[in-house]
Amino acid sequence: MHIRHSFLVVVLLLSVSPCRAADIDLSIDCSIDWTIDWKGAQAEAVQLLQELIRLNTTNPPGNERAAALHLQKLLEAEGIETRVLDVAPGRANLYARLKGDGSRRPLILLSHTDVVMAEPERWSVPPFSGEIRNGFVYGRGASDMKGTAAVHVTLMRLLKRLNVPLKRDVILLAVADEEAGGTGARSIIENHLDLIRGAEFLLNEGDVAYVKNGKLQQYGVDVMEKAALWLRLTAKGPAGHGSIPLPDSSVNRLLKALERLRAWETPVRVPAEVAEGYRVLASHQSDPVLRAAYTDLEKALNDPVRREKLLLDRTLNAQVRETITITGLHGSDKVNVIPGTAWAQIDVRLLPGETPAGFIAKLRDVLADPGIEIEILEGSTPTGSSANTALMSAIRKVAARRDPGVPVVPTMLTSSTDSAKFRSVGITAYGFEPFKMDDGELDRAHGDDERLSVENVGFALQFLYEVLMELN
């Protein structure tokens with residue numbers, strides 16, 4: 001049974017949102033939640049998050065069609081236009097749309113409904129229970145990214161119930177397969193481009209409201225992403241019995257190549273967007289050394305002493321160079337068998353300005369073994385969007401009202417999301433989820449005991465509502 005929470009709407013002289021009322025010179029603070037039962041809205045979004053967690057959409061195989069149908073039922077009950085778009089057997093995207101008057105171009109709210117695997121024995125609660133404990137909703141996908149999906153869907157229902165007059169259409173996409181290939185988003189671009197044609201902005205997963213030592217440090221907005229280049233390196237050699245070592249075995253060849261790869265220090269390059277983000281942060285640093293370094297990051301990284309200290313920050317290090325992580329090794333399944341083939345999986349992340357082909361050419365030189373085969377499992381080109389837009393301005397205005405003095409920082413995501421696919425068709429895409437999270441909470445995504453606080457669900461819902469009102 002689904003419990004529907006009614007939203008309390010205070011009838012004013014004008015049946016519009018408080019932000020829209022400001023257009024006629026009424027002195028109204030959009031940060032005051034005086035027209036909506038936000039506790040009821042939060043409860044509805046939390047319940048939806050629990051329901052989504054309980055739908056096991058571990059990818060593979062995904063089974064995201066179940067989530068799409070569940071969300072479709074909720075949205076259609078409000079009279080919202082929806083379509084379920086099949087991607088593969090058992091896998092589907094959900095599309096929904098609220099119409100505006102067409103005077104401004106559409107905004108897309110993007111989320112994905114698949115999740116990564118969980119190891120139940122490592123969790124303190126069943127990972128697909130959606131259990132609430134100490135103010136947190138626990139479950140695989142709570143923060144990545146069923147929490148955002150629940151917020152987006154609740155926001156759509158809220159806008160419809162309030163009959164908010166929109167200047168731009170609001171499109172919701174809840175897609176399949178973000179975690180293992182992106183076929184869901186790709187199918188939108190390849191098969192249903194007409195549904196999003198003309199869209200101006202897109203909000204997706206990416207950065208958050210970052211907390212450190214209990215204090216909100218910044219609102220991060222991902223305007224650029226590194227590109228994923230996933231490789232398999234394969235070595236071949238003579239097979240034999242483990243009791244008689246073979247110096248040129250596939251495993252030995254592979255290990256020698258990987259050791260050269262591990263020792264490779266890729267060049268440091270500072271993308272303009274990264275430099276700008278650190279310039280924004282500079283004035284908020286109490287440490288004068290960091291303040292000077294962030295003011296001109298490229299100059300600081302050219303100084304060997306400062307460079308060594310700065311690159312101890314793992315996030316900064318990943319933002320200014322191509323990174324390489326060895327994530328898997330395979331040889332023989334038998335202890336006493338020397339395999340004829342051995343391989344390694346490599347996760348490479350490319351900075352803007354680099355291409356898969358260009359990086360692989362450099363990689364071959366580093367491996368120094370022409371017999372090593374390099375197979376591309378996934379490869380793309382880095383993408384970015386301008387940070388100087390009406391959407392960024394709206395985010396800054398809402399952040400300034402809610403947390404005066406806290407900077408809104410354009411950032412580069414060191415991983416990659418479906419945003420790249422939509423940027424390729426001219427849509428300005430930002431990765432922004434206004435959840436207040438510290439490193440401990442962020443590390444739970446893809447990890448054990450993933451969770452999202454009830455308070456964060458409510459905060460994100462109100463924040464995004466206000467952003468939309470500013471943008472509208």
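Summary table below
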| item | result |
| --- | --- |
| Any chance residue 47 is out of contact with any strand residue (DSSP E or B) (no Cβ under 8 Å at 6 or more places or on another chain), within 28 Å of residue 455 (Cα to Cα) and touching a residue at least 60 places away in the same chain (Cβ under 8 Å) | no |
| Residue count, the stretch 187-220 (criterion: touching a helix residue (DSSP H, G or I) at 6+ places or on another chain (Cβ under 6 Å) and either of a type outside the set (S, T, N, Q) or in a helix (DSSP H, G or I) (or both)) | 5 |
| Breaking point among (1) hydroxyl-bearing (Ser, Thr, Tyr); (2) surrounded by 12 or more Cβ atoms within 10 Å (Cβ to Cβ); (3) within 28 Å of residue 429 (Cβ to Cβ), for residue 250 | (3) |
| Residues that are modelled with pLDDT of 95 or more and out of contact with any helix residue (DSSP H, G or I) (no Cβ under 9 Å at 6 or more places or on another chain), drawn from the stretch 170-186 | 183, 184 |
| Residue count for the stretch 284-313, restricted to those that are open to solvent by less than 50 Å² (accessible area, probe 1.4 Å), within 23 Å of residue 353 (Cβ to Cβ) and part of a loop (DSSP other than H, G, I, E, B) | 1 |
| Search result, residues across the stretch 225-239 that are crowded, with 18+ Cβ neighbours inside 10 Å and either free of Cβ contacts under 8 Å to residues at least 60 places away in the same chain or outside any strand (DSSP E or B) (or both) | 226, 237 |
| Every pair of residues 6+ apart whose Cβ atoms lie under 7 Å, when the first sits in the stretch 193-205 and is surrounded by fewer than 20 Cβ atoms within 10 Å (Cβ to Cβ) while the second is of a type outside the set (A, V, I, L, M) and in a loop (DSSP other than H, G, I, E, B) | 198/105; 198/106; 200/105; 200/106 |
| In the stretch 428-468, the residues that are closer than 20 Å to residue 223 by Cα and in contact with a strand residue (DSSP E or B) (Cβ under 6 Å, 6 or more places away or on another chain) | 428, 429, 430, 431, 432, 433, 434, 435, 436, 437, 460, 463 |
| Failed item, numbered, when residue 215 is tested on (1) farther than 30 Å from residue 81 by Cβ; (2) touching a residue at least 60 places away in the same chain (Cβ under 8 Å); (3) open to solvent by 20 Å² or more (accessible area, probe 1.4 Å) | (2) |
| Condition broken by residue 180, with the remaining ones in (1) closer than 20 Å to residue 108 by Cβ; (2) open to solvent by 50 Å² or more (accessible area, probe 1.4 Å) satisfied | (1) |
| Cβ-Cβ under 9 Å pairs, at least 6 apart or on other chains, the stretch 442-456 side over 11 Å from residue 138 (Cβ atoms) and free of Cβ contacts under 8 Å to residues at least 12 places away in the same chain, far side open to solvent by 30 Å² or more (accessible area, probe 1.4 Å) and not in a loop (DSSP other than H, G, I, E, B) | 447/122 |
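The values are calculated or read from the model by the stated rules, or taken from the named source; none is laboratory data. What you see is a predicted model, and the numbers here were worked out from it, not measured in a lab. Quick reminder, even Gly has a Cβ in these numbers, built from the backbone with ideal geometry, and neighbours come from all protein chains shown. Heavy atoms of the whole protein, side chains included, go into the accessibility calculation; ligands, DNA and RNA do not. Shrake-Rupley method; radii C 1.70, N 1.55, O 1.52, S 1.80 Å.
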